[in-house]
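Working notes for the structure below.
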Amino acid sequence: AQSVTQPDIHITVSEGASLELRCNYSYGATPYLFWYVQSPGQGLQLLLKYFSGDTLVQGIKGFEAEFKRSQSSFNLRKPSVHWSDAAEYFCAGWTQGGGADGLTFGKGTHLIIQP
Amino acid sequence: DAGVIQSPRHEVTEMGQEVTLRCKPISGHNSLFWYRQTMMRGLELLIYFNNNVPIDDSGMPEDRFSAKMPNASFSTLKIQPSEPRDSAVYFCASGRPGGSGYTFGSGTRLTVV
């Protein structure tokens, strides 16, 4: 069955430090992959997406993600985090014909920024 | 573009009451999704519509849940009768077919007491 796994439930990073959030996928074919961010009390906002082509994709708010087929991964990175980046981050995947035509979400990673 | 609009933002109701959640998708988006978010289960897809037609409702937990989309600009998710375990944040999202990424509403936080 198709799935998206985020191994880290919580990540704590110092402000100004670099960030990497992990995401692994399991699909029969290469899915479309997405990263969303959810601030407290808010809906999910799309940060970036990968469909095909260049495996390094740029998103909003200074985030980027790299698709690695050999590792079935799509990790999210940011060179220097800001306190406002504290939020819940969700990785998601989609394939046509993979059952419900909706995104399959990981469980999320809660990012904590310490001063 | 006002985005995906959900109402109400918060709903507190007593067990056994009927609850109706509402969603207005983005104009031009012909796919609409209802998700439920809880701490224990994360984000779960309940049902999705394509061109106002329900395509897959396999995520709807039980018969107490029903969803309709009478036209391209409006959808409802109804729970009747509601139970405390239905307490969650319910999100509506809209998009275009093809998995191009969806726009989420701000959610409705439902508390059933």
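No value in this document is a laboratory result; all are computed from the given coordinates. All figures in this text were calculated on a predicted structure; none of them were measured in a lab. Glycine gets a Cβ as well: all are built from the backbone with ideal geometry, and neighbour counts include every protein chain shown.
Where is the GNM fluctuation largest for chain A (alpha-carbon springs, 10 angstrom cutoff): A:Ala65, A:Ala92, A:Ala17? Sorting by GNM fluctuation, first place goes to A:Ala17.
When chain A is treated as a GNM with alpha-carbon contacts under 10 Å, the residue of A:Leu44, A:Leu33, A:Leu19 showing the greatest mean-square fluctuation is A:Leu44. Working from Cα pairs under 8 Å separated by at least six residues, relative contact order for segment A:23-115 is 29 percent.
A:Tyr25 sits among other residues whose Cβ lies under 15 Å from its own Cβ, and their net charge, with Lys and Arg +1 and Asp and Glu -1, is +4. Distance from the Cα centroid of segment B:73-113 to that of segment A:1-70 is 23 Å (rounded to whole angstrom). Within the shell of other residues whose beta carbon sits under 13 angstrom from the beta carbon of A:Gln6, the net charge comes to -1, with Lys and Arg scored +1 and Asp and Glu -1.
Mean-square fluctuations from a GNM of chain A, with a 10 angstrom spring cutoff on Cα atoms, peak among A:Gly28, A:Gly93, A:Gly41 at A:Gly41.
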